[in-house]
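The values are calculated or read from the model by the stated rules, or taken from the named source; none is laboratory data. Since the model is a prediction, treat every value here as computed from it, not as a measurement. So basically every Cβ, Gly included, is an ideal-geometry build from the backbone, and we count neighbours across all protein chains shown.
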Amino acid sequence: MLNNGIEMPALGFGVFQTPPEVTTEAVRAALETGYRLIDTAAAYGNEREVGHALRLSGLPRDEVFVETKVWISDFGYSETLHAFEKSAKKLGLERIDLLILHQALPSRFELTLEAYRALETLHAEGRVRAIGVSNFMEDHLSALLEVASLIPAVNQIEVHPYFSQVGVQKADAARGIVTQAWSPIGGITSYRGGGSRTFDDPAIGQIASDHGKTAAQVMIRWHLQQGRSAIPKSVRAERIAENFDVFDFELSTAELDILDGLDTGVRGGPEPEEVTLEAFGREIAEAV
Ligand code: NDP
C-alpha cells in the first residue's frame with residue numbers, strides 16, 4: 001500500500017537494457033507468470049513494446065500496475081507535462097499508475113523541483129495514480145519536501161546485498177515513502193563487470209541451498225521480508241518464472257542479518273551528485 005492509499009504489488013518486473021525487439025515477449029512472459037507491476041522508463045526506449053505486451057495479455061487495465069520514469073532531459077514544468085504525454089502515448093495508456101523522476105539533477109535542482117511540480121499537477125488531474133522519485137539521496141528528499149505538496153510514494157534506488165543504502169532507506173521510511181530496489185538481485189554487479197557478482201556470493205549460496213532455492217530467489221525474499229518493492233529483470237522465460245517463485249519459503253532473522261552484513265558500500269550505478277545534463281542528457285523521442 002502506498003502513502004496515498006493506492007495498492008502497488010511489491011514484486012515487479014524491470015526492463016532496463018531489454019532491447020525493444022524482445023521487450024514484448026519478456027513482458028508477455030512476465031504477465032503470464034503472474035507479475036502485475038511492470039517498471040519501464042522513457043530512457044529505456046521500450047515503452048511502446050511494454051504497452052504492446054499489456055494489450056496482448058488481455059488483462060484488464062486495472063489489474064496491471066504500470067510504472068515509468070521521466071528522464072532528466074525532460075525536466076521543467078511544461079517539459080515534464082509533455083514527457084507524460086510522450087510516455088502515455090507510447091505505452092498506449094490514458095493513465096499511468098506510477099510516474100517517477102528518474103534521477104535528481106543536483107546541478108539544476110530548480111528543474112528537478114519544476115519537474116516534480118508537474119507530477120503533482122498530473123496527479124491532481126488524475127492522469128497518474130501515484131508519483132515518486134528515483135535515485136534521490138537524503139539531501140535531495142529533504143530539499144524536495146521543503147516545497148512539495150505531495151510526498152513521493154516511491155523512491156526507486158539501487159539496493160542489493162552488496163549496496164543497500166540503509167541511510168536512504170531510513171529516510172524513505174521516516175517519510176512513508178516505499179523504497180523500491182533497482183538491481184535487486186545485484187544485476188549491476190554482474191553486467192558492469194569488474195568486482196564480484198552477488199550471484200556467486202558463498203553466503204547467499206549457502207542460504208539458497210539450505211532452502212532449496214537460488215541466490216536470486218533469496219535476494220528477492222530479503223527485499224520482500226524487509227518491506228521493499230523489488231523489480232528484477234530478465235529476458236529469459238525460466239528466470240522470469242524463477243524470480244517470481246519466492247512465496248513458498250521464508251528467511252530467518254539470522255539469514256536476513258547475514259544478507260544485511262554483505263553491504264560493501266560500493267555503488268554500482270552513477271554517483272547521484274555527478275548526474276548532469278551535460279553528461280547524461282539525451283533527447284527522448286516524441287511519440288508521434
Ligand atoms: P537485476 O538485479 O534485476 O538483474 C538483472 C540481471 O541479472 C540481468 O543481467 C539478467 O540477465 C540477470 N538475471 C535475472 N534473473 C536472474 C537469475 N534468476 N539468475 C541469474 N541471473 C539473473 O538488475 P537490473 O539492473 O536490470 O535492475 C532491475 C530493474 O530495475 C531494471 O530492469 C529497471 O527496471 C530498474 N532499474 C532502474 C534504475 C534507475 O536508475 N532507476 C537503474 C537500473 C535498473 P538475463 O536478462 O539474461 O536473464
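The set of residues from region 127-152 being within 23 Å of Met219 (Cα to Cα) and out of contact with any helix residue (DSSP H, G or I) (no Cβ under 8 Å at 6 or more places or on another chain) comprises just one member, Ser134.
Being loosely packed, with under 13 Cβ neighbours inside 10 Å and among the hydroxyl-bearing types (Ser, Thr, Tyr) narrows it down to one residue among Thr253, Thr276, Thr214; which is it? Please lay out each step first, then the result.
Working: Thr276 fails: loosely packed, with under 13 Cβ neighbours inside 10 Å; Thr214 fails: loosely packed, with under 13 Cβ neighbours inside 10 Å.
When all the criteria are applied, what remains is Thr253.
Got at least one residue in region 79-96 being more than 15 Å from the ligand (Cβ to nearest atom) and of a type in the set (Phe, Trp, Tyr)? Yes. Taking each residue of region 1-19 that is of a type in the set (Asp, Glu) and looking for partners that are part of a loop (DSSP other than H, G, I, E, B) with beta-carbon atoms closer than 6 Å, six or more apart or interchain, yields Glu7/Met1.
So which residues in region 228-260 are without any contact (Cβ under 8 Å) to a residue 24 or more places away in the chain and not acidic (Asp, Glu), if there are any at all? Talk me through it step by step, then tell me what you get.
Restricting attention to region 228-260, the residues satisfying the condition of being without any contact (Cβ under 8 Å) to a residue 24 or more places away in the chain are 236, 238-239, 247-248, 252-254, 257.
Result: Arg236, Arg239, Phe247, Ser252, Thr253, Ala254.
Within region 201-222, residues that are more than 19 Å from Ser183 (Cα to Cα) have Cβ atoms under 6 Å from residues that are more than 10 Å from the ligand (Cβ to nearest atom) and among the β-branched types (Val, Ile, Thr) in these pairs: Ile207/Val218, counting only partners at least 6 apart in sequence or on another chain. A search for C-beta distances below 7 Å between a residue of region 123-138 that is more than 15 Å from Leu81 (Cα to Cα) and surrounded by fewer than 18 Cβ atoms within 10 Å (Cβ to Cβ) and any residue that is of a type in the set (Val, Ile, Thr) and at pLDDT 95 or above, counting only pairs 6+ apart in sequence or on different chains, returns Glu138/Val168.
Any chance region 240-263 includes a residue that's at pLDDT 95 or above, hydroxyl-bearing (Ser, Thr, Tyr) and within 19 Å of the chain's Cα centre (by Cα)?
In the first step, residues of region 240-263 are kept if they are at pLDDT 95 or above; the result is 240-263.
Checking which are hydroxyl-bearing (Ser, Thr, Tyr) leaves us with 252-253.
Cutting the leftovers down to within 19 Å of the chain's Cα centre (by Cα) gives us none.
No, that holds for no residue.
Within 15 Å of the ligand (Cβ to nearest atom) and under 16 Å from Pro232 (Cβ atoms) - does that describe any residue in region 59-70? Yes; the residues of region 59-70 include at least one that is within 15 Å of the ligand (Cβ to nearest atom) and under 16 Å from Pro232 (Cβ atoms).
For region 157-233, which helices (runs of 4 or more DSSP H) that fit wholly inside it have 2 or more residues that are among the aliphatic types (A, V, I, L, M), under 28 Å from Ala130 (Cβ atoms) and more than 8 Å from the ligand (Cβ to nearest atom)?
Working: elements: 166-174, 187-191, 202-211, 215-225.
In region 157-233, 166-174, 215-225 are the helices (runs of 4 or more DSSP H) which contain 2 or more residues that are among the aliphatic types (A, V, I, L, M), under 28 Å from Ala130 (Cβ atoms) and more than 8 Å from the ligand (Cβ to nearest atom).
Each residue in region 8-52 was checked for being more than 12 Å from the ligand (Cβ to nearest atom) and among the small types (Gly, Ala, Ser), and 4 of them qualify.
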